[in-house]
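The values are calculated or read from the model by the stated rules, or taken from the named source; none is laboratory data. These numbers come from a predicted model, not from an experiment. Here the Cβ is made from the backbone with ideal geometry for all residues, glycine too, and neighbour counts use every protein chain on show. Each accessible area value is taken on the protein alone, full model and side chains, heavy atoms only, with ligands, DNA and RNA left out. Shrake-Rupley method; radii C 1.70, N 1.55, O 1.52, S 1.80 Å.
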Amino acid sequence: MTDWTRQAPETLAIEPLSRPPLATVRVPGSKSITTRALILAALSHPAKGSELRGVLRSEDTEVMIDALRMLDMRVRTAWPEDVVHVRRGIFRRIIPAAAADLFVANSGTSMRFLTALVSLGQGRYRIDGVSRMRERPIEDLLSALRQLGVRAASEQQNGYPPVVIEADGLRGGRARIHGDVSSQFLSGLLLVAPLAESEITIEVDGPLVSAPYVAMTVAMMHEFGVDVDTDGASYFRVPIRPWYEARSWEIEPDASAASYFFAAAAITRGQVTVAGLSSSSLQGDVRFMDVLKDMGCRLAGGPEGYTVAGGPLHGIDVDMNAISDCVMTLAAVACFAKGPTTIRNVAHIRHKETDRLQALTAELRKIGALVEEAADGLTIIPGALHGAAIDTYNDHRMAMSMALVGLTIPGIVIRNPGCVAKTYPRFFEDLQRLRC
C-alpha cells in the first residue's frame, strides 16, 4: 500500500481545478484480470508456475494472495516491479492444504473465486469476511457446487457467508446457476471447472448480469490453454485438463479505474489520456467511453492509450447492466449534463460493497442534484450544485466518483478517503496529477 493510504485522514477536501486539465495518467493494473490471473496461475502446471506482470497491489488483491498462501500455494511477490510468481509446487493435490480458515475482508471477488477454488481440494475450508460481506448473497454458487458433488453450505444456513466447503475433489457433471445476482458465481465455477474429475456443463437460469466479465474469464482461460464451448450467455461446456498451461502474463490497466479520469475530462471540459488501454482490451468497462461520447465528449484512440475530451454534456437514457462498475462514475458526470440522465437495469449493484443505488441517491441529493430512485436504477436531474461532506459507506467507488464533483464544485469533502485502498490505493495521488 502507499504511505498515503496507510496514513489516510478521516476526511479529504477536494480542491477545484484552476483550469481544465490536459494530462496523461497511468492507472494500475486491472483488478478483475489480476484476480482471475492469480487463480489461473495457481492452477497451472505444478512444476513450472506462472509469472504475472503489471499486477494490481490493493487490499482486494493482497487478500487473494494471502489466501493462496494459506492454501499452501507458492506465491512470491516483487511489488516494486508489480510482479507476482505463483506455483502450486505439488502434483498429487490440486489444493495443497487439507484445511484452511480464510478471511477475505470485503472482497466479493475473493469470496466467490476462493469458494469455487477450494472445492477442488480434499478437506474442510471456511471462508469469512467483514460484516458487510455477511450481507452479500452466495447461495447461488453454493447450490451449483452441491450439484457438482461438493458439500458446500452457508455456516448460518442463511445463504450468506461465512461458508464452509467440505471437499473431496470436484466431481463434474451438469449444474444450473442463476445469473441475475453476480456474474462472479459463474466465473468462479468456470475457472475451476477444467480440473474437475469429469467434464462440466453449466446452464445459466435467467439473464446474466455483467456479461463482459464472464467473457473476460473465458478469454483468459483460452490464453492459459482451455477452450470453453459456449453461446456466451446461457451455456458453458468446459473440457477437463490436469492443469492450466503455465505462462507469463501481462495485466492491462484497469478500465474501471480509467473511467474516473475520463469522467474528469467530461466534467471539467478538459482532455485526459489514460496510457496503455487499447481497443483489444479484455475489459468491458472500456465501453464507458462510448457512454461519454453519447453525452457529448470526443474520443480518440492510439498506440499510447485512449483520450477523452470534454464538451457540452447532455443527459442520456442508458442500460448499464454490462458495465455496472461505472454506474457511480456516470452518476457524477450526470450532475453536469443538460437534462436528466436515466441509468437502468442495475438492480444487482444493491448487493455490492453497499447498496449503491440507495447510497448514490442520498449523496447526490446532498450536493443539490434531484434524484429519482427506482428498483433497478436512477434518474438524475441536474440542479444547483454545492459542496457537502460525502459519506462513502466504506465503498471505494463512492469515494472516487464523488471526488470528481469536487474538481469543479467547491466544498466537496470525502469522508473515509482511505477506503480507496480496496482497489486503487494511489487514487488521490493520481487525481492530483490533473493539476499539473
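Quick one: count up the residues across segment 219-253 that are buried (at least 22 other Cβ atoms within 10 Å of the Cβ) and without any contact (Cβ under 8 Å) to a residue 40 or more places away in the chain.
Residues meeting the conditions: 1.
Of all residues in segment 377-401, which are in contact with a strand residue (DSSP E or B) (Cβ under 8 Å, 6 or more places away or on another chain), over 17 Å from V333 (Cβ atoms) and surrounded by fewer than 16 Cβ atoms within 10 Å (Cβ to Cβ)? Break it down into steps so the answer makes sense when it comes.
Of all residues in segment 377-401, those in contact with a strand residue (DSSP E or B) (Cβ under 8 Å, 6 or more places away or on another chain) come to 377-383, 387-392, 398-399.
Of the ones still in play, those that are also over 17 Å from V333 (Cβ atoms) are 387-389, 391-392.
The answer is A389, and nothing else.
Considering only segment 338-436, give the helices (runs of 4 or more DSSP H) lying wholly within it that have at least 1 residues that are β-branched (V, I, T), in contact with an Asp or Glu (Cβ under 7 Å, 6 or more places away or on another chain) and over 26 Å from T35 (Cβ atoms).
Numbers: elements: 356-366, 396-405, 427-432.
Because the criterion is at least 1 residues that are β-branched (V, I, T), in contact with an Asp or Glu (Cβ under 7 Å, 6 or more places away or on another chain) and over 26 Å from T35 (Cβ atoms), the helices (runs of 4 or more DSSP H) in segment 338-436 that meet it are 356-366.
Are there any pairs, at least 6 apart or on different chains, whose C-beta atoms fall under 9 Å, with the first in segment 89-100 and at positive phi and the second part of a strand (DSSP E or B), and if so, which?
Listed by first residue and then by second, the contacts come to G89/R74.
Go through segment 345-376 and give me each residue that's closer than 18 Å to D325 by Cα, of a type outside the set (D, E) and open to solvent by 60 Å² or more (accessible area, probe 1.4 Å).
N345, H351, Q358, A375
Test of understanding: among V55, V84, V104, V63, which residue is out of contact with any Phe, Trp or Tyr (no Cβ under 9 Å at 6 or more places or on another chain) and within 17 Å of I33 (Cβ to Cβ)?
Working: V55 fails: out of contact with any Phe, Trp or Tyr (no Cβ under 9 Å at 6 or more places or on another chain); V104 fails: within 17 Å of I33 (Cβ to Cβ); V63 fails: out of contact with any Phe, Trp or Tyr (no Cβ under 9 Å at 6 or more places or on another chain).
Sole residue among the options that is out of contact with any Phe, Trp or Tyr (no Cβ under 9 Å at 6 or more places or on another chain) and within 17 Å of I33 (Cβ to Cβ): V84.
Working only within segment 79-94, note down all residues that are at pLDDT below 95, surrounded by fewer than 20 Cβ atoms within 10 Å (Cβ to Cβ) and under 15 Å from L43 (Cβ atoms).
Correct list: G89, I90, F91, R92, R93.
Can you go through I39, I95, I90, I14 and tell me which one is within 18 Å of W243 (Cα to Cα) and touching a Gly at 6+ places or on another chain (Cβ under 6 Å)? Spell out how you get there, then give the answer.
Values: I39 fails: touching a Gly at 6+ places or on another chain (Cβ under 6 Å); I90 fails: touching a Gly at 6+ places or on another chain (Cβ under 6 Å); I14 fails: within 18 Å of W243 (Cα to Cα).
One residue alone meets the criteria, I95.
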